[in-house]
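First comes the structure, then the notes that go with it.
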């Protein structure tokens, strides 16, 4: 129960990982941190953090339709992983695959999205690779430096820890809802979706939070992955009206009390709930009823629906209904 | 004449690069080195080298048909860029996009290709990302460390420099010929194509060669790019029977004489010719005739043929014929 391998994405990653030997100087095991952490021969005080992310599924599914968004998200998804380990970025490289030919419209708009995202956080793109393919696929790889004794990982969650997000969440879900439901774009224009990597929060929390994870895949998915890794669950009793809004934040767990947490420099944390011994996610509903939820069916839904949109939507509603969320 | 922008691939890269600000701590300008070079805050003696490469076009075109080859090449193409700047690798991350689902055959074979390539050079895959897409696309990103005062770049070519390859070339072209010509696979089985990144050669040549570049795109293409960057050409008067065989080597230029070069530890260089003042590539033919060649039409042929194989082949022959190579 609650195994990592109940999630098909973890299985897919595992199929690759099992072929690979473990690097001697690596500080993290698979899934244990948002970025890979490796020793630097000439700098014993720091670890090098490196992370790679491809934005392709979201483009093919029609979630991102504007090249500017595609570029922006490629940068932010990658830098969010650095934020979640508490690293100071050194720079990024990007690999861009697109049916370009001599038409450089995509390059111009997606390139501007990448550049604007980088400028907003003081990060630079160092270089990259470009390829001619029939489908758009954008890959970002970020590197950074983090003090060895203060690095944040996904491990370390303890019962009683308070759970925070470093900003409001839900913009990704809002955009997804508009695309799936056929609601008019004006309900949530794509230009509203401009997540920002929480680099300052990651820096402020290193050495303080007991664990952290990027919430790009959604808050509940993040909690579910943390639960499977740490063997402890969460009791989520926040006021959701305080949570929903922005996206891509580092989710932070800490033994400190909320009042103490509010004093962290550069972070305005929002309390989600508490870590519980029992490895299950418990939601406190507005009705004051408490419900234990199992995220695996939701997290696997993209794989199990095989691209059947009607099935995806009906299953999504059915699962929510079974949790009493109707 | 001989501008970087005569080559459509350079133009495509430029369309992206022009959107990006230059990083303050970066030691190379665009195109000037095989890997991006950036200062390390905690280690003033070294530069961090980082490079990203996607293997997709070669897979869609049918050049690589075995997943093992796809994985192997993804690793070697990336590490070759580290070799060409003389870096010691710290590790790699990979992003794998494929129409996988629950079928892990591709993951198993391509993963084994990646692992075997890494093991042959003592490098480790630190982690990565996996995506569900309709086309296979494999991206490798390598990081390494290189002494600041001995880094190799593509700049520094001087008239009179002797030009070497660090091993035999041509396996990529041989595989391409089999695929394009419809010759039976037995003429050059895909399993013969196992290029190896010249990491030891790169290390041995740092601080010695005046310039270096990875020849993954072919020896003449590499010379053409070096010519456009440096404003000097090459007179190639080698015995091609000594050159053709292996692939993916660092191409090295040096002021030292051949005899001196042979003394470089870990490198068995093969002499190609000499740098000439005039920015043109001159081939000495077996007939003792000398011919100046213009690589731009060949380098742009994939773009200009728009996937028309018959046109590609007839143009390829026509261009070769116009050089007297018939």
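Each value in this text was obtained by applying a stated rule to the coordinates, not by laboratory testing. Every value quoted in this text rests on a predicted model; they were computed, and no experiment measured them. Because the Cβ atoms are built from the backbone with ideal geometry, glycine has one as well, and the counts that use them run over all protein chains shown.
Below is a table of values for the structure above.
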{"read-out": "Over chain A: helical MRE at 222 nm, DSSP H runs n ≥ 4 each giving -39500 (n - 2.57), nearest 500", "value": "-9500 deg cm²/dmol"}
{"read-out": "Segment residue A:65-residue A:284, length gained on full extension (0.36 nm per residue, minus Cα span)", "value": "75.3 nm"}
{"read-out": "Cα coordinate range in the stretch A:12-62, projected on the principal axes (Å, largest first)", "value": "45, 22, 15"}
{"read-out": "Shortest-first distances to equivalent copies, position residue B:3, nm, label 7 Å out along Cβ", "value": "6.2"}
{"read-out": "Inter-copy separations for residue A:290, label at 7 Å along Cα-Cβ, nm, ascending", "value": "8.8"}
{"read-out": "Principal axis box of the protein assembly as shown, alpha-carbon based, largest edge first, Å", "value": "92, 51, 41"}
{"read-out": "Cα Rg over Rh - the stretch B:131-176, Kirkwood", "value": "1.12"}
{"read-out": "Computed log₁₀ I(q)/I(0) - Debye formula, equal Cα scatterers, no solvent, chain A, q 0.13 Å⁻¹", "value": "-1.03"}
{"read-out": "Point-to-point label distance, residue A:181-residue B:21, nm (Cα→Cβ direction, 7 Å offset)", "value": "3.8 nm"}
{"read-out": "Alpha-carbon Rg with Dmax, taken over the stretch A:1-134, Å", "value": "17.0, 53"}
{"read-out": "Listed residues B:140, B:306, B:160, most fluctuating in chain B (Gaussian network, C-alpha, under 10 Å)", "value": "B:306"}
{"read-out": "Largest-first principal axis extents, alpha carbons of the stretch A:127-215, Å", "value": "45, 36, 20"}
{"read-out": "Calculated label separations, residue B:314, copies of the chain, 7 Å along the beta-carbon direction, nm", "value": "5.5"}
{"read-out": "Whole-angstrom gap from the stretch A:159-207 to the stretch B:125-195, using each part's C-alpha centre", "value": "40 Å"}
{"read-out": "Label-point separation, residue A:150 to residue A:294 (7 Å along Cα→Cβ), nm", "value": "4.3 nm"}
{"read-out": "Sequence-separation-based contact order of chain B, relative, with Cα cut under 8 Å and 6+ spacing, percent", "value": "20 percent"}
